[in-house]
Amino acid sequence: MFLLNPIVQVGGNGDDRPALNPTKLHRFPPDTRKRIEHLIQIQKDHDQLKAQFYKDRGALEAKYEKLYQPLYDKRYNIVNGIGVTADSESPTTNQEEKGIPEFWLYALNAMYVLDKEIKDYEQGALKHLVNIKWLRTDNLKVFKLEFYFRPNPFFKNSVLTVTYHMIDEDEFIIEKIIGTEIEWTSENRLKKHRTGGSVKLVNGDENKTWCVAKPSATDSELSANIQFACNQLKDCKVIQEGGSCYNPNSLINHASVVMNLYYKAVGQNSWNCDFRGSGLITQTDPSYGSCKYA
């Protein structure tokens, strides 16, 4: 959260640097400039505390990850029918009946966020998934997921690692995703398709999609989306005066254009078009006139 956000807007370039640049404060009266300088110092003090908070939080999370691990190990053994049995399970149960077949496939399909992302032709490979691990890294904006597979007819890898790079520690907004290079055993079964650095299991072309602003989005949400997307893209000339998508000169039009550019740039995953609930994925090309959506 930027304590100086209103001043940032006055700076004019959509990031936090203008507020710290004395040349941007000349338009204010001397007494007002002094007050702004006090705000700048408050922001610096706030940032120092926030940095310490992340350091402390990381240590606390690391502590509890060690405490969680025995529970994860028990889950793995029960799911895969290894070593131990559930309290209610008969000791005479045959090995073939132990465990929970296709547990992770059912678990992933039960998650609302992932259900629509998992295609029918991916189900076969996911039936061989035996474990998932979350791993922290030294960078608080980066985490990893490791997917463990038993031998299967689709690929040779026993572990597929996906590394997620987030834009901010507080907001789960993905900047990019980097996946393991898959060693396919049969190109006819599943094909690999790369989008924005991520690796997906797909079969042929997927339906083309675009990201636009919801008609119900508020002006403040639209403005925030424009600022965020333009900060990430570093170039929003397309919606500036003279740009191919400047007209109609409205917040919802400009927001939709840059939200889609961001969506395309970072991977076209459903979460890349969330924008705190103000984004909408559509299969209808929103291009018009000279304004062409990628």
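The values are calculated or read from the model by the stated rules, or taken from the named source; none is laboratory data. These numbers were taken from a predicted model, which means no experiment stands behind them. Counting neighbours? That spans all protein chains shown, and the Cβs are built from the backbone with ideal geometry, glycine included. The area values use the complete protein model at the heavy-atom level, side chains included, leaving out ligands, DNA and RNA. Shrake-Rupley method; radii C 1.70, N 1.55, O 1.52, S 1.80 Å.
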Potential extension, Glu183-Lys50 segment - 0.36 nm per residue separation minus Cα distance: 43.7 nm
Compute the Cα gyration tensor for region 26-88, then decide on rounded, prolate or oblate, letting a ≥ b ≥ c be the square roots of its eigenvalues: rounded whenever a/c is under 1.5, prolate when a/b is larger than b/c in the other cases, and oblate in all that remain. prolate
What accessible area per residue, rounded to a whole number of Å², is obtained for region 237-294 using a probe radius of 1.4 Å? 49
Above-threshold pairs, the threshold being 25 Å between Cα atoms, out of Lys214/Lys234; Lys63/Lys127; Lys144/Lys292: Lys63/Lys127; Lys144/Lys292
18 Å Cα-Cα threshold exceeded, pairs from Lys156/Lys176; Lys74/Lys133; Lys208/Lys264; Lys66/Lys133; Lys119/Lys176; Lys55/Lys176: Lys156/Lys176; Lys119/Lys176; Lys55/Lys176
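Could you rank the peptides 27-40, 222-235 by their average count of other C-beta atoms within 10 Å per residue, with the highest value first?
Ranking, from highest mean packing down: 222-235, 27-40.
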Between Asp235 and Asp285, what length in nm is gained on full extension when 0.36 nm per residue of separation is reduced by their alpha carbon distance? 15.8 nm
Evaluate E = 1/(1 + (r/R0)^6) for Gln69 and Trp271, where r is the Cβ-Cβ distance and R0 equals 41 Å; express this FRET efficiency to the nearest 0.05. 0.90
